[in-house]
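Here the structure is laid out as structure tokens; the discussion comes afterwards.
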Amino acid sequence: MPFVPHTPEETQEMLACIGVDSLDNLFACIPAGMRPKHFNLPDGLSEYESCSRLEDMAGRNKHPSISFMGGGFYDHSIPKAVDALSGRGEFLTAYTPYQAEAAQGTLQAIFEYQTVVTRLMGMDVANASVYDAGSALFEAAMMAARATGRTRFVLDEGVNPLYRSMLNTLTANLSMKILTIKRDKTGLPDLNALNGAIDGQTAAVMVQNPTFFGNVLDYTDLFQQAKTVGALSVLCVYPVMQAVLKTPGEMRADIAVADGQSVGQPLNFGGPYLGMMACSKALIRQLPGRIAGRTVDLEGKTGYVLTLQAREQHIRRAKATSNICSNQALCALRSLIHISLLGPEGLIKTAERSLELSRYAEAKLCALPGVTRLNNAPFGNELALRLPGPAKDFYASLAREGIIAGTLPGHWYEGEENTLLVACTEKNTESQIDRFAAALKMRIKP
Amino acid sequence: MKTIFAQSSSGRKGVIPAKPERTAEDMLPKYLLRRTPPRMPQVSELDVVRHFTALSRKNYNIDNNFYPLGSCTMKYNPKFMEYAASLPGFALMHPLLAQQPGGESMTQGSLEVIHETERLLAEVTGMAAFSLQPMAGAQGELTGALLIAAYHKHKGNKKSKIICPDSAHGTNPATAALAGYEVINIASKDGVLDPQILGNALDDSVAALMMTCPNTLGLFEKHLPELVEKLRASDALLYYDGANFNAIMGRMRVGDVGFDVVHLNLHKTMGTPHGGGGPGSGPVGVSERLVPFLPGPCVYKKTDGSFALQDNLPLSIGRVTPFYGHFGVFIKALAYMLRLGGHGLARASDFAVLNANYMRKRLERVLEIPYNEICMHEFVASASAYETHGVKALDIAKALLERGYHAPTVYFPLIIKECLMFEPTETENKATLDKFCDDLIEILEQAEKNPENLRAAPVNLPVRRLDETKAAREMVLVDEV
């Protein structure tokens with residue numbers, strides 16, 4: 001039997017030691033009426049057969065030859081050393097580092113990860129990760145509610161609709177009021193409306209940079225306005241672009257969140273990714289999840305422990321800051337290794353190449369008849385285009401040719417039926433963009 | 001050991017993935033850019049490889065060490081599962097593609113993985129349907145609590161409380177509170193839940209009881225049928241925390257015996273690795289009456305045998321994850337279930353219970369076992385007898401670390417003094433269990449003869465005991481280098 005090492009003799013010896021005569025009798029405590037009605041699972045397979053089954057399934061996926069898909073989740077290149085190091089059994093098969101002496105590797109890595117996140121975001125402190133950016137946004141809202149004693153939130157429509165949808169689900173049973181501020185006609189955040197919506201009852205204003213439509217903004221004034229009425233500011237960012245963009249710290253945000261997918265995690269059809277969370281030092285005791293801290297041992301040697309645990313569920317139970325237990329430790333390690341390998345130059349060049357290609361795409365695509373940008377505001381590596389007709393028709397037609405044109409915001413935003421988001425990363429090329437532009441041109445009626 | 005930041009040398013290059021011709025200043029107005037480059041390590045690829053290899057050696061892990069860590073199910077993580085999850089056909093797939101025009105046909109393999117995993121989990125547990133969306137056990141609990149809330153709301157019930165036993169994992173009360181419920185704690189009696197005590201706590205305002213079965217003492221909740229009956233009578237739902245599911249596969253299906261919601265921890269029961277604390281995967285299964293409330297989008301099989309996404313679910317609680325959950329984790333669970341089959345899963349539970357009981361018998365002479373009866377996959381012992389020698393459960397844990405074992409869970413459940421909780425799992429052989437018990441017996445002899453040795457342990461690990469008070473007071477949470 002796979003993964004059960006007992007010989008029949010050992011099993012008998014062990015049963016004899018326990019004083020029962022069969023494995024069945026170990027389960028005598030389960031009343032007869034509670035036995036399974038059926039247990040119709042397939043027969044077990046050999047390792048080779050199980051792998052073949054999964055290889056067959058993997059083969060039924062068809063990968064596009066060219067893709068400009070993003071929507072908050074980007075196909076950046078990952079150095080092979082990330083897989084090699086994070087795949088080591090010493091990291092992979094370790095438990096949560098509660099026994100610090102036996103987990104210094106994981107603990108120091110978390111400490112270094114926290115450092116990387118704070119430096120990327122320009123914030124004071126970070127936790128050891130939550131599940132994803134949507135969870136991080138939810139936890140940020142909970143932090144703001146606790147810190148301010150208020151329950152009203154001002155949420156910009158430029159925040160990824162998937163995260164906003166999670167926020168709605170996760171707060172459904174709580175007395176929170178989320179006011180979503182509609183984008184302006186060109187897809188940009190309506191800063192006047194956001195400003196006007198913040199008042200003395202607002203717990204936090206929540207915005208994203210770049211927005212879901214790809215625009216890059218400076219929210220310093222908005223956050224200042226929030227501060228004057230005692231509300232917190234929450235900014236959701238994109239780690240790769242953060243290498244060059246003004247940081248949440250420079251904009252004076254109180255809490256910064258991000259999805260760490262783009263730094264070291266394969267797309268993996270939706271996860272695992274990781275929610276990065278950082279905040280100002282003043283909010284540290286409201287931060288959920290694990291946090292590693294540096295200390296010394298009995299002999300004065302430097303070491304690391306999980307600290308401030310009185311915030312957490314295993315200590316505080318119903319009064320904890322969050323119910324989170326498992327986090328994304330291995331993904332956080334992958335992000336740390338990825339960022340360490342690239343260094344400041346690798347990170348900046350990745351961001352700049354992605355920006356450069358998206359500008360090339362802008363030039364090529366906007367030269368086509370009827371194709372325009374949604375707005376002329378600064379943008380990152382994702383470009384919002386208005387097409388001369390329903391975007392989904394162009395999209396489906398291009399997909400048949402193996403070209404995934406990007407992401408269709410019309411799925412979430414009313415009135416954006418003709419809009420297409422085109423994302424570029426350093427893995428794309430000018431010739432891919434040329435092919436895409438040529439294929440799109442053929443589909444535009446003169 | 002130096003941090004990666006302390007090894008940085010200005011100008012040293014690592015991996016540069018791209019050669020842009022333009023700079024950010026060229027492409028964006030200056031007021032939108034950060035003032036200084038991020039202060040990340042400037043190290044070579046070899047520096048990084050050496051650093052993280054050295055760090056990895058400072059970890060205990062299943063590949064190197066026995067981990068009898070109660071409630072955590074630290075079983076062997078089969079290597080072939082890593083291969084399955086790394087297949088490029090799966091790993092490179094963009095999750096949004098399935099939701100875009102023409103995308104469903106391009107993602108049939110991934111959708112099949114989701115459908116097949118849900119189908120197998122439903123059969124293992126006897127639930128009507130599953131959602132793989134929850135990204136960890138605690139998120140599975142929260143999803144479950146939200147499903148319970150949605151059910152009651154739909155029926156027009158006014159319910160404001162969730163009951164948790166005193167033996168529950170901390171996540172249960174934390175989850176109930178996070179879902180907006182008042183938490184009612186109830187005591188257990190003789191190590192299990194008592195129908196009378198539950199009855200006293202039950203009224204019309206109770207939405208659900210969250211329970212773990214076997215419970216955190218490793219005992220099967222023998223009054224389960226009566227508990228179910230009482231809950232049904234007041235239209236309260238029954239939640240099954242699957243943390244201990246490794247005990248009962250093939251012996252009981254939670255759906256058959258009246259549970260309405262269950263979450264499983266695939267990183268426990270289905271052998272996916274813990275990764276130093278995550279990522280996990282906490283799928284949720286529900287009984288027929290809760291199916292309409294499951295998170296969306298759902299994957300379903302069309303009559304032509306192909307797979308599709310359904311997001312038009314009017315009663316759904318919505319989404320709890322951006323896409324479909326931790327695909328890269330639950331695909332390993334699927335690989336595990338395919339490999340073991342029904343027979344193999346049932347045998348896993350049988351031998352998990354055998355190993356726990358064998359260890360319990362071998363240790364009963366040296367440790368007090370408050371409920372010394374046939375246990376399920378884990379058991380709880382108390383080290384309070386050693387307190388007269390000034391030795392605490394924590395000291396025993398540290399002495400075990402010194403001998404190369406990961407410590408058992410200590411100080412949980414909270415209802416047992418100086419608690420040590422052992423869960424050996426089915427993948428350990430008799431020789432490992434014997435050696436561990438021999439060593440623990442020797443440690444406990446030392447506790448009487450040379451208690452200071454235990455209090456000083458560990459001596460030979462990368463660090464000795466760490467000053468947690470200093471860590472909490474000084475809050476050095478980032479490197480200043």
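The values are calculated or read from the model by the stated rules, or taken from the named source; none is laboratory data. Everything quoted here is computed from the prediction, not taken from an experiment. Neighbour counts are summed over all protein chains in view; Cβ atoms, including those assigned to glycine, are modelled from backbone coordinates with ideal geometry.
What to note about this one:
- Residue match in the stretch A:238-248 (condition: in a helix (DSSP H, G or I), facing chain B (nearest Cβ under 10 Å) and over 20 Å from A:Val125 (Cβ atoms)): yes
- Within the stretch B:316-356, being part of a helix (DSSP H, G or I), more than 13 Å from B:Arg251 (Cα to Cα) and not hydrophobic (A, V, I, L, M, F, W, C) holds for B:Gly328, B:Lys332, B:Tyr336, B:Arg339, B:Gly341, B:Asn355.
- When B:Leu345 is tested against (1) closer than 20 Å to B:Val124 by Cβ; (2) over 21 Å from the mean Cα position of the chain (by Cα); (3) facing chain A (nearest Cβ under 9 Å), only condition (2) is not met.
- Going through (1) touching a residue at least 24 places away in the same chain (Cβ under 8 Å); (2) more than 7 Å from chain B (Cβ to nearest Cβ); (3) in contact with a helix residue (DSSP H, G or I) (Cβ under 7 Å, 6 or more places away or on another chain) one by one, A:Ala310 falls short only on (1).
- Residue in the stretch A:294-302 that is in contact with a helix residue (DSSP H, G or I) (Cβ under 7 Å, 6 or more places away or on another chain) and buried (at least 24 other Cβ atoms within 10 Å of the Cβ) present: no
- Checked across the stretch A:37-54, the condition of being out of contact with any Ser or Thr (no Cβ under 8 Å at 6 or more places or on another chain), polar (S, T, N, Q) and more than 7 Å from every other protein chain (Cβ to nearest Cβ) holds for at least one residue.
- Criterion: under 24 Å from A:Gly346 (Cβ atoms) and more than 9 Å from chain B (Cβ to nearest Cβ) - qualifying residue of A:Lys185, A:Lys177, A:Lys80: A:Lys80
- The stretch B:220-239, subset in a strand (DSSP E or B) and in contact (Cβ under 8 Å) with a residue 60 or more places away in the chain, residue surrounded by the fewest Cβ atoms within 10 Å (Cβ to Cβ): B:Leu237
- A:Tyr413 being in contact with a helix residue (DSSP H, G or I) (Cβ under 7 Å, 6 or more places away or on another chain) and either of a type outside the set (A, V, I, L, M) or not in a helix (DSSP H, G or I) (or both): no
So that you can scan it fast, the table gives a plain yes or no per residue for (1) β-branched (Val, Ile, Thr); (2) more than 30 Å from B:Met211 (Cα to Cα):
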site	(1), (2)
B:Ala84	no, yes
B:Leu87	no, yes
B:Pro95	no, yes
B:Met106	no, yes
B:Leu121	no, no
B:Thr125	yes, no
B:Ala129	no, no
B:Ala136	no, no
B:Tyr151	no, no
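- Screening the candidates A:Ala318, A:Ala363 for the property of being in a helix (DSSP H, G or I), free of Cβ contacts under 8 Å to residues at least 12 places away in the same chain, hydrophobic (A, V, I, L, M, F, W, C) and within 7 Å of chain B (Cβ to nearest Cβ) yields one hit, A:Ala318.
- Test: residue in the stretch A:208-223 that is within 13 Å of chain B (Cβ to nearest Cβ) and small (Gly, Ala, Ser): yes
- Those residues of the stretch A:312-330 which are crowded, with 22+ Cβ neighbours inside 10 Å and either among the aliphatic types (A, V, I, L, M) or on the phi > 0 side of the Ramachandran plot (or both), in sequence order: A:Arg317, A:Ala320, A:Ile324, A:Ala329, A:Leu330
- Answer from A:Ala405, A:Ala399 - the residue that is within 25 Å of the chain's Cα centre (by Cα) and either within 14 Å of chain B (Cβ to nearest Cβ) or more than 21 Å from B:Gly102 (Cβ to Cβ) (or both): A:Ala405
- If you go through the stretch B:443-481 and keep only what is surrounded by fewer than 14 Cβ atoms within 10 Å (Cβ to Cβ), under 20 Å from A:Glu101 (Cβ atoms) and more than 14 Å from chain A (Cβ to nearest Cβ), you end up with just B:Asn450.
- Lone unmet requirement of (1) assigned to a loop (DSSP other than H, G, I, E, B); (2) surrounded by fewer than 17 Cβ atoms within 10 Å (Cβ to Cβ) for B:Ser105: (1)
- Meets criteria (buried (at least 24 other Cβ atoms within 10 Å of the Cβ), β-branched (Val, Ile, Thr), touching an Asp or Glu at 6+ places or on another chain (Cβ under 7 Å) and modelled with pLDDT of 95 or more) for A:Val159: no
- Failed item in (1) surrounded by fewer than 22 Cβ atoms within 10 Å (Cβ to Cβ); (2) part of a loop (DSSP other than H, G, I, E, B), with B:Ser167 passing the rest: (1)
- Complete set of residues in the stretch B:264-292 that are part of a loop (DSSP other than H, G, I, E, B) and over 21 Å from B:Asn65 (Cα atoms): B:Asn265, B:Ser281, B:Gly282, B:Pro283, B:Ser287
- Residue in the stretch A:63-75 that is without any contact (Cβ under 8 Å) to a residue 40 or more places away in the chain, more than 22 Å from the chain's Cα centre (by Cα) and either more than 7 Å from chain B (Cβ to nearest Cβ) or surrounded by fewer than 21 Cβ atoms within 10 Å (Cβ to Cβ) (or both) present: yes
- Here B:Ile186, B:Ile197, B:Ile248 are screened, and the one residue that is of a type outside the set (D, E, K, R) and away from chain A (no Cβ under 14 Å) is B:Ile197.
- Within the stretch A:106-125, the set of residues being under 19 Å from B:Leu69 (Cα atoms) and either of a type outside the set (A, V, I, L, M) or surrounded by fewer than 24 Cβ atoms within 10 Å (Cβ to Cβ) (or both) comprises A:Thr106 only.
- Selection count where residues are free of Cβ contacts under 8 Å to residues at least 60 places away in the same chain and at positive phi, scope the stretch A:366-410: 1
- Of all residues in the stretch B:20-71, those satisfying the criterion of being within 7 Å of chain A (Cβ to nearest Cβ), farther than 26 Å from A:Tyr113 by Cβ and either of a type outside the set (S, T, N, Q) or assigned to a strand (DSSP E or B) (or both) are B:Pro20, B:Glu21, B:Arg22, B:Met27, B:Leu28, B:Pro29, B:Tyr31, B:Leu32.
- If you go through the stretch B:333-357 and keep only what is over 11 Å from A:Pro42 (Cα atoms) and of a type in the set (D, E, K, R), you end up with B:Arg347, B:Asp350.
- Of the set (1) surrounded by fewer than 24 Cβ atoms within 10 Å (Cβ to Cβ); (2) within 19 Å of B:His115 (Cβ to Cβ), all apply to B:Ser287 but (2).
- Qualifying residue in the stretch B:75-89 (condition: in a loop (DSSP other than H, G, I, E, B), modelled with pLDDT of 95 or more, more than 8 Å from every other protein chain (Cβ to nearest Cβ) and in contact with a helix residue (DSSP H, G or I) (Cβ under 9 Å, 6 or more places away or on another chain)): yes
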